[in-house]
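Undergrad: Mind looking over this structure? Questions follow.
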Amino acid sequence: MALLFSAVTVTAGEDEIELLVGGIPREYDDLEGWSEFDDLMCFISEETEVSVRAEAYLYGEGESMRASPEEIDDLMQRMKDDTGFLNRCCSNLESVNFTFIWSPEELFDMPFGQMLM
């Protein structure tokens, strides 16, 4: 079994995060539910263009499966322990870039200030 995962960089204004996610994100919905991404989105209070760059990888051999959150944790530990892990042990499949407009007012159908009350 080969694990399919992506190293993702998300940029929103002055903020930028890097994270690993299972599968290959191609739109906002593919990132929703990953805690680091959700945390970043929670702090955006005005309409903002968000840029996403993802490098998709396979780790292992055989049929590919989207890496679970637990497997992502394991992969992150391997990368922490071995800085060359991605280049030596994983196959780079493709790069994906996309943008979306994050609009808290549309998402919650109310001005941001009212959400805090």
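Each reported figure results from applying straightforward, stated rules to the coordinates on display, with no laboratory input. Note that this is a predicted model, so its numbers are computed, not measured. Please note: Cβ atoms are built from the backbone with ideal geometry, for glycine as well, and neighbour counts cover all protein chains shown.
Undergrad: Taking the Cα atoms only, what angle lies between the long axis of helix 69-81 and the longest principal axis of the chain, rounded to 10 degrees?
TA: Approximately 70 degrees, to the nearest ten.
Undergrad: Please list, in chain and number order, the residues 5+ apart from R66 or on another chain whose amide H is under 5 Å from its amide H, with Hs placed from the backbone.
TA: It is L4, by chain and number.
Undergrad: How about region 41-105: which GluC sites (Glu not before Pro) there are in a DSSP loop, with at most 10 other Cβ atoms within 10 Å of their Cβ?
TA: E46, E61, E63
Undergrad: Right, here's the next one. Go ahead and set up a Gaussian network model of the chain, Cα springs under 10 Å, then flag whichever of T83, T11, T99 fluctuates most.
TA: T83
Undergrad: Something else now. In nm, give the distance between the simple-model label positions of D74 and Y28, each being 7 Å from the Cα along the Cα-to-Cβ direction.
TA: In this crude label model, D74 to Y28 measures out at 3.3 nm.
Undergrad: Further, regarding this structure: Hey, in the GNM for the chain with a 10 angstrom Cα cutoff, which one of V96, V52, V21 fluctuates hardest?
TA: So, out of V96, V52, V21, the one fluctuating most is V96.
Undergrad: Could you check the spin-label model distance between E63 and E47? Points 7 Å from the Cα along Cα→Cβ, value in nm.
TA: 4.6
Undergrad: In deg cm²/dmol, rounded to 500, what helix-only [θ] at 222 nm does the chain give when every DSSP H run of at least 4 residues adds -39500 (n - 2.57) and the total is split over its residues? Don't skip to the answer; put the middle values down first.
TA: Numbers: 5 runs with 35 residues, N = 117.
Calculated from helices alone, the mean residue ellipticity at 222 nm is -7500 deg cm²/dmol.
Undergrad: About its Cα centre, what dipole magnitude does region 2-108 give when the only charges are +1 on Lys and Arg Cβ and -1 on Asp and Glu Cβ, stated in debye to the nearest 20?
TA: Charge dipole, region 2-108, about its Cα centre: 580 debye, nearest 20.
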